[in-house]
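The values are calculated or read from the model by the stated rules, or taken from the named source; none is laboratory data. Note that the structure is a prediction, hence the values are computed from the model and not measured. Methodologically, a virtual Cβ is constructed for each residue, glycine included, from the backbone with ideal geometry; neighbour enumeration extends over all protein chains shown. Accessible surface is based on the protein model in full, side chains and every heavy atom, while ligands, DNA and RNA are left aside. Shrake-Rupley method; radii C 1.70, N 1.55, O 1.52, S 1.80 Å.
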Amino acid sequence: MALGVAEVEVSRRLLIVEDEERSREALASMLKRRGYEVQTASNGATSVRRAGRGSASVVLMDLVLGNGMDGIEAARLIQRHNPLTAFIVITAHRHEESYHARAKQHKLRIEAWVDKPLDDVDQLLPIIEKALRKVELLAHLERVRVKEEPLDSLSYLRALADFDPSIRGLANEVRDELVGSEAGAGEQEAIMQIRSEIDGLYDEFWRLVGPDSDPAHLARLRERLRELQNQEADIVEQHAEARFSFDPSQGRQLIEETRRRLGGK
Amino acid sequence: MTVTASEVAVLPSVTLPWAEEIVRQHRPKPAGGERGYRLYHECLRWEFGFCCAFCLLHEVDLAAYEIVGTALFHAEHFRLRSKDPGALNRYSNCFYTCCFCNTSRGKAPNEDSLGRSLLEPTTRVWSEAFHLVDDELRARDPGDGDAAYTALAYDLGDPRKTRRRRARREYIEKRVKFLSETRGAEDELVTFAIKMSGDDEAIKWARERANKFKEMRRLATDDLLRFRAVPRDRPTSCRCGHNGHHRLPHVLSQQTSRLVD
């Protein structure tokens, strides 16, 4: 039993966003034949509208689209409204750094970058299936978070992986996406060790505190406690910044450069 | 505060200690069993505005600690289960607390050997007992034994809390400052471009700059939206059986500001 993951209902609907009609229809037709429900959109704005109606779990996205909105911008808007959506980018511009940089900046959930033209549609199938499975798992986590707290998503993922080893790799990938950081197992272990020592110090403190306690000893306990708490905060804060997109120093630089050019305004 | 569909209530840069006692709105059906109180979790999240009832950190403040992979918020039993078994599943005895407050108190008694009593925010105005000094929540009056004992028991001076509080303040202040300083920047650049009519290089520069400002303002706004007072995973139902009272407590909502999503 896989803790009901397989029973979670997530649509197997795909959205193909491609401005070139022949490619779009050919891909749609092949994927329909393989059993998927397929929607299509010829430009970014239409894709955002279609996805906004909340249906497709996975979007196959071209990057260069007409009508002023490219695939990264469309994906950003789709993900903003449907945070669980996964993307598979199909593009002739796979190696252009700027697309990757923007995708990273917006934390887009891109499952894979696939070269266009597609040699064989079957190469897409395992990628689509993996993306659908991830969306299912994330949807399940959302329900768990709402219904069964205080088990939070990460501890749930850990329990899930322990219970069903066949999805351990997937669970770890989803955990990394949720955390949005590069935190490694070593750091987590270090924190757990710190926490364990902190717990012990609190226990000792409450056991000793009272009218007959030695104030110097209690002060030493508190000092060690503060040291450990700061150590934990140091580790965690290395990753905290990664959650934010705006860089204040770049903002300051932009303001100052512009002011200089506009004459000190 | 009423928030329209496209507006989001965003946390203040610093959550000030509650200026009133928190009045419980939720009346969940009593739960039984060894872990029945867990069924109050949704009620507690709304009741205390997704904040720790004691140190006032919000769920979003502790998101960085998700890397540890353990639950970040718990139901705290104010009257210890060991001292009062009936208190285990009594809703009025349950408080929403962060993992740090919950762990630090442990089994510390409600009254210590000096006769000092623990405080809780439904019977005591938090701002009368505590204030913020350099982002640390401290007893306001050193002579207030109850506040001092509460600060000790819940370890309100834990640097993990102070540093998260400081981080939120700095993140929000920097972004709000940028948004406020650059309000009208795009208009100013358009005016500049009009004035420079004929100078293609200057017009191109102004257009690029305007786009850059637009993009950075959007990033700053997106970051601020991370500090939404009502998280995206808010419970839509609770054990009360209706959701008419699914709103932030007044003491928090009056400190929030609105942002268009």
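Here is how the numbers come out for the structure above:
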item	result
Average Cα contact separation per residue, the stretch B:44-151, under 8 Å, 6 or more apart, as relative contact order %	22
Rel. contact order, % - alpha carbon contacts under 8 angstrom, at least six apart, the stretch B:182-246	26
Residues in the stretch B:133-177 reached by a label modelled at B:S82 [backbone nitrogen below 18 Å; 7 Å Cα→Cβ]	B:153-155
Nearest-20 debye value, the protein assembly as shown charge dipole, Cβ charges on Lys, Arg, Asp, Glu	1320
Estimated inter-spin distance, A:R220 and A:R94, nm [label 7 Å along Cα→Cβ]	6.2
Only Lys, Arg (+1) and Asp, Glu (-1) charged, at Cβ; the stretch B:79-224 dipole about Cα centre in debye	520
Helix-only CD estimate at 222 nm, as mean residue ellipticity for the protein assembly as shown, using -39500 (n - 2.57) per DSSP H run (n ≥ 4)	-15000 deg cm²/dmol
The stretch B:1-96: translational diffusion in µm²/s, Stokes-Einstein, Kirkwood Rh over Cα pairs, 4 °C, 1.567 mPa s	86
Cα radius of gyration and Dmax for the stretch B:113-152 (Å)	9.8, 30
Sites excluded, trypsin sites (Lys or Arg not before Pro) in DSSP loops with at most 13 other C-beta within 10 Å, longest stretch of chain B	B:108-182
Centroid-to-centroid separation of the stretch B:140-194 and the stretch A:26-68 [C-alpha atoms, Å]	42
For the pair B and A, total buried accessible area rounded to nearest 100 Å², probe 1.4 Å	5600
Cα centre as origin, Lys/Arg/Asp/Glu Cβ charges: chain B dipole, Debye	680
Compactness of the stretch A:55-148 as Cα Rg over 2.2 N^0.38 Å, two decimals	1.14
Angstrom value of the Kirkwood radius, inverse mean 1/r, which spans all Cα pairs in the stretch B:167-261	16.5
Viscosity 0.890 mPa s, temperature 25 °C, Stokes-Einstein D of the stretch B:95-183 from Kirkwood C-alpha radius, µm²/s	168
Spread of Cα-to-Cα distances over 10 Å intervals beginning at zero, given as percent, for chain B	7, 26, 30, 18, 9, 6, 3, 1, 0
Average partner coverage of A:245-256, which counts Cβ from other chains inside 10 Å	6
Crossing angle, helix B:159-181 versus chain B [Cα axis fit, 0-90 degrees, rounded to tens]	30
Viscosity 0.890 mPa s, 25 °C: Kirkwood-radius Stokes-Einstein D of the protein assembly as shown over Cα pairs, µm²/s	95
Amide hydrogen neighbours beyond the local backbone of A:L60, cut-off 5 Å, H modeled	A:L15, A:I16, A:V17, A:I88
Value of relative contact order over the stretch B:98-235, rounded to a whole percent, pairs C-alpha under 8 Å and six or more apart	18
Partner chain coverage, peptide B:151-163 - average Cβ within 10 angstrom	4
Solvent exposure ordering (accessible area, 1.4 Å, most first) of A:M192, B:M216	A:M192, B:M216
Amide proton proximity set for B:R140, modelled H, under 5 Å, gap of 5+	B:F130, B:H131
